[in-house]
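Q: Please read through the structure below; I'll follow up with questions.
Every number here is computed from the coordinates shown, using simple stated rules; none is lab data. For clarity, every value in this text was computed on a predicted model and none was experimentally measured. Ideal geometry is used to build each Cβ from the backbone, glycine not excepted, and the neighbour counts take in all protein chains shown.
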Amino acid sequence: MRRLICVLLGSLIASLSGQIPGVIPQPMGHVIGQNCDYSQAVFLVKNAPNGAFYLQEYAQNQHFLGFDFHATSFRIDPQAQKGKAVLEFERFAPQDLWYGQKEAYALRFEPRRIRIQYNEPQGAMYAFSTLLQALYSHPEGLPYQSIVDQPQFAYRGMHLDVCRHFFDTAFIMRYLDLMALYKMNTFHWHLTEDQAWRLEIKAYPRLTEIGAQRNSTQYGPYRDQTFDSLPYGGYYSQDQVRRLVQYAALRGITVIPEIELPGHSSAALAAYPHLGCTGGPYEVQAGWGVFDDVYCAGKDSTFIFLQTVMDEVCALFPSGYVHIGGDECPKTRWKECPHCQARMNQEGLADEHELQSYFIRRMEKHLNQKGKTIIGWDEILEGGLAPNATVMSWRGVSGGVAAAQQSHSVIMTPGKPCYFDHYQSRSPDEPLAIGGYNPVDSVYAYNPIPTGLSKPQEAFILGAQGNVWTEYMSSEAQVEYMVLPRLPALAEALWTPAENKNFMAFKATAQQHQELWTNRHLNFAKHLFQPQP
Ligand code: ACM
Ligand code: ZN
């Protein structure tokens with residue numbers, strides 16, 4: 001009787017608040033139904049989509065994305081015969097409301113049967129993830145007739161800078177797992193920088209022989225510390241990259257590589273000094289900052305090099321997008337360089353901003369010919385946008401607004417609140433960060449649609465992304481600390497309709513999920529839901 005009252009009360013609360021306890025991001029909608037207790041069920045799986053690796057993983061290990069029901073409460077058993085419960089997958093039919101919506105799914109609950117409807121395998125995985133999360137927080141049974149769901153924003157990204165500090169493939173997989181748990185679908189992999197070139201390029205082996213190493217381990221603990229001069233390095237082989245791209249794809253995640261140009265290129269210049277305006281010599285930078293030596297925009301050899309690099313990049317990454325950087329490129333060298341000045345004369349370019357625009361457009365043309373669309377940081381607006389470029393707005397939202405007004409697609413990553421290298425609390429015990437302050441509630445409250453756009457212009461805002469620059473994150477544990485709980489907060493901001501968002505409910509679920517993170521040996525910021533000083 002008491003259990004029944006609890007169940008009824010639980011259902012009432014769920015239906016009143018519009019929340020499904022335990023699930024991040026909150027689904028779009030649900031209907032309350034009879035309580036179905038699956039705690040002893042052995043599920044026979046029917047018609048799982050190809051590549052449903054998560055079912056295999058679950059069947060073999062009783063484990064997926066950190067959920068562990070210890071074999072007794074929920075099992076998916078492909079060997080089970082008749083008489084068991086059924087987990088049945090089916091495609092949405094043309095008459096269904098959600099038909100054709102790439103990421104949509106529905107879950108329908110009956111006492112001995114759960115049906116998952118989906119369009120693409122990605123939607124089926126999201127359904128399974130929601131199911132596990134819901135079961136995890138409802139050991140007494142699920143009080144739903146159905147859950148229907150699809151995201152508000154198509155681009156839900158996480159970025160990782162592997163140049164300021166290097167993170168091995170095992171860590172990247174854990175990062176991808178965490179993204180998948182919260183239905184984030186794009187991994188922006190920042191692979192080249194002043195401090196390192198991390199991607200094997202067969203045509204230019206010195207990029208990793210020289211460019212993947214620097215003489216400083218750069219581990220803090222204080223910003224003004226004199227850095228050591230110990231060697232520090234690492235890179236990804238093309239085989240490793242292929243495996244990671246595949247691993248991500250299975251989890252519904254597209255990997256977008258970033259190859260920085262024309263600035264943030266010291267590591268490439270150190271490897272191939274003829275690519276700079278002065279011819280070098282150059283060093284892989286051992287300290288942080290913005291550096292004057294950049295690719296020469298006047299020499300054709302620069303473009304031959306970069307196009308050859310991009311050809312290998314395009315072959316490695318199936319993503320429709322390649323990120324070309326474009327941020328923070330000083331014009332100091334170009335102003336003095338006879339090659340760059342000759343280029344400006346020859347092309348009729350009014351200033352060095354237009355020279356930068358020429359550079360980006362030339363790279364865009366090459367990448368477009370290979371079927372790729374470029375993304376650049378918002379500086380690519382300066383001197384004129386390349387015709388088909390998508391803009392990543394990071395210096396606030398104005399770049400995103402300007403690009404959308406010019407009918408270009410936009411991904412929002414404004415410093416506030418999308419830079420996860422900024423502090424999460426004002427506690428004096430907070431580990432050293434680069435600066436800024438982006439507490440989890442500000443991330444949760446974020447709406448990627450900026451003000452000042454018309455409705456048709458708003459449609460150019462594809463979504464948003466959390467950026468993880470790692471100058472002050474020298475360990476895996478520190479990266480985890482900076483993204484948890486901000487990653488799930490951003491995931492809900494991007495997935496869930498505003499009317500279903502509720503920070504208090506999110507907070508309660510995020511606290512429950514701390515157990516999942518612990519199961520996966522992930523570090524996280526534990527104090528953020530307590531009152532802040
Ligand atoms: C950036 O943070 N420099 C894009
Ligand atoms: Zn030059």
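Q: Which FRET efficiency, nearest 0.05, do residue 335 and residue 307 yield, Cβ-Cβ r, R0 41 Å?
A: Details: r = 25 Å, r/R0 = 0.61.
The pair residue 335/residue 307 has a calculated efficiency of 0.95.
Q: Using the count of nearby Cβ atoms within 10 Å as a rough guide to exposure, how do 228, 378, 441 rank from fewest to most? Intermediate results must be reported in sequence, preceding the final value.
A: Details: 228 13, 378 24, 441 16.
Least crowded to most crowded, the residues run 228, 441, 378.
Q: Once you place label points 7 Å from the Cα toward the Cβ at residue 171 and residue 290, how far apart are they in nm?
A: Result for the modelled spin labels: 2.7 nm.
Q: Also, I was wondering about something else. Using θ = phi - 60° and the Karplus relation 6.51 cos²θ - 1.76 cosθ + 1.60, list the HN-Hα couplings for segment 386-401 in order, rounded to whole Hz, with x at every Gly or Pro.
A: Per-residue couplings from phi come out as 5, x, 10, 6, 9, 9, 9, 8, 10, 8, x, 9, 5, x, x, 5 Hz.
Q: In nm, what is the difference between 0.36 nm times the number of residues separating residue 217 and residue 32 and their Cα-Cα distance?
A: 61.1 nm
Q: With a cap of 15 neighbouring Cβ atoms within 10 Å, and only residues DSSP puts in a loop, list the GluC sites (Glu not before Pro) found in segment 83-164.
A: Those satisfying the criteria are 140.
Q: Something else about it: Tell me, how many Å apart are the Cα centres for segment 227-252 and for segment 286-312?
A: That distance is 21 Å.
Q: Another question, if that's okay. If we count other beta carbons within 10 Å of each Cβ, what is the order of 517, 495, fewest first?
A: Going from sparsest to densest Cβ surroundings: 517, 495.
Q: Kindly identify segment 460-533 as rounded, prolate or oblate by the Cα gyration tensor criterion: order the square roots of the eigenvalues as a ≥ b ≥ c, call it rounded if a/c is under 1.5, otherwise compare a/b with b/c, prolate if a/b is larger, else oblate.
A: Details: a/c = 1.84, a/b = 1.20, b/c = 1.54.
The shape class here is oblate.
Q: Report the Cα centroid-to-centroid distance between segment 354-421 and segment 105-142 in angstrom, as an integer.
A: 38
Q: Please compute P(r) over all alpha-carbon pairs of segment 366-408, binned at 5 Å starting from zero, and give each bin as a whole-number percent.
A: So the P(r) values, bin by bin, are 6, 25, 34, 20, 10, 5, 1.
Q: Tell me, 395, 426, 361 in order of fewest to most beta-carbon neighbours within 10 Å?
A: Going from sparsest to densest Cβ surroundings: 426, 395, 361.
Q: How high is the FRET efficiency from residue 441 to residue 346, r the C-beta distance, R0 56 Å, rounded to 0.05?
A: FRET efficiency, residue 441 to residue 346: 0.55.
Q: Compute for segment 126-211: radius of gyration divided by Kirkwood radius, i.e. Rg/Rh, restricted to C-alpha atoms, rounded to two decimals.
A: On the Cα set of segment 126-211, Rg over Rh gives 1.19.
Q: Taking 0.36 nm per residue of separation and subtracting the Cα-Cα distance, what length does fully extending residue 368 through residue 57 add?
A: Full extension of this stretch gives 108.1 nm more.
Q: Quickly work out the residue 458-to-residue 113 label distance, labels modelled 7 Å from Cα along the C-beta direction, and quote it in nm with one decimal.
A: Each label point lies 7 Å from its Cα, and together they span 4.0 nm.
Q: Classify the chain from the C-alpha gyration tensor, please: rounded if a/c falls under 1.5, else prolate or oblate depending on whether a/b exceeds b/c.
A: Prolate shape, in that a/c is at least 1.5 and a/b is the bigger ratio.
Q: Given R₀ = 41 Å, what would the calculated FRET efficiency be for residue 425 paired with residue 154, taking r from the Cβ atoms and rounding to 0.05? Mind dumping the intermediate values first?
A: Values: r = 32 Å, r/R0 = 0.77.
Efficiency, rounded to the nearest 0.05: 0.85.
Q: Then there is this: For segment 418-519, what is the convex hull volume of the alpha-carbon atoms per residue, in Å³?
A: 127
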